[in-house]
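K.L.:
First, the structure itself, so that you have it in front of you.
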Amino acid sequence: LLRLEQLILQHGAHKQLIKLEQTKDGMDFFFTRDRDAQDFVSFIKTWAVVRANDSKHLVSHNSHNMTYRFKRTTCVELCPVCRDDLVFLPPKTAQALGGLPP
């Protein structure tokens, strides 16, 4: 996680971040625009093995002029891989990473 934090700061991926909260299960990042949050998630996907789930909840709507407000949430789980862990790769992935022997 320290390396990921350094990459976020180094590449400026945190520039659109408006609020950061630490929770017991991880961290919550808050953005004003949905596009900024999507860019941040795609940045994390390029540097770490993650599983991401998107959800959208209706906050309010106006039936007179047909406007809707949604709250969007993206849950990103990082794969808990440490430096000395043994990781098995499929043969195609191993070849793509430089032809590591099986």
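K.L.:
Give the residue, chosen from Arg35, Arg69, Arg51, that is under 11 Å from the mean Cα position of the chain (by Cα), basic (Lys, Arg) and at pLDDT 90 or above.
P.N.:
So the residue among Arg35, Arg69, Arg51 that is under 11 Å from the mean Cα position of the chain (by Cα), basic (Lys, Arg) and at pLDDT 90 or above is Arg51.
K.L.:
Count, please, the residues in the range 16-50 that happen to be of a type in the set (Lys, Arg), more than 20 Å from Phe70 (Cβ to Cβ) and surrounded by 10 or more Cβ atoms within 10 Å (Cβ to Cβ).
P.N.:
1
K.L.:
Keeping to the range 32-53, report how many residues are within 18 Å of Gln16 (Cβ to Cβ) and not in a helix (DSSP H, G or I).
P.N.:
If we filter the range 32-53 for residues that are within 18 Å of Gln16 (Cβ to Cβ), which is where we start, we get 32-47, 52.
Going one step further and asking which of them are not in a helix (DSSP H, G or I), we end up with 32-33, 52.
Of the residues in the range 32-53, 3 are within 18 Å of Gln16 (Cβ to Cβ) and not in a helix (DSSP H, G or I).
K.L.:
List, please: which pairs have Cβ atoms under 6 Å, are six or more places apart or on different chains, and start with a residue in the range 63-85 that is touching a residue at least 40 places away in the same chain (Cβ under 8 Å) and end with one that is assigned to a strand (DSSP E or B) and surrounded by 10 or more Cβ atoms within 10 Å (Cβ to Cβ)?
P.N.:
Every condition considered, the pairs that remain are Leu78/Val50.
K.L.:
Moving on. Filter the range 72-102 down to residues that are under 24 Å from the mean Cα position of the chain (by Cα) and basic (Lys, Arg) and give me whichever is modelled with the highest pLDDT.
P.N.:
Arg72
The values are calculated or read from the model by the stated rules, or taken from the named source; none is laboratory data. Every value quoted in this text rests on a predicted model; they were computed, and no experiment measured them. Glycine also receives a Cβ, built like all others from the backbone with ideal geometry; neighbour counts cover every protein chain displayed.
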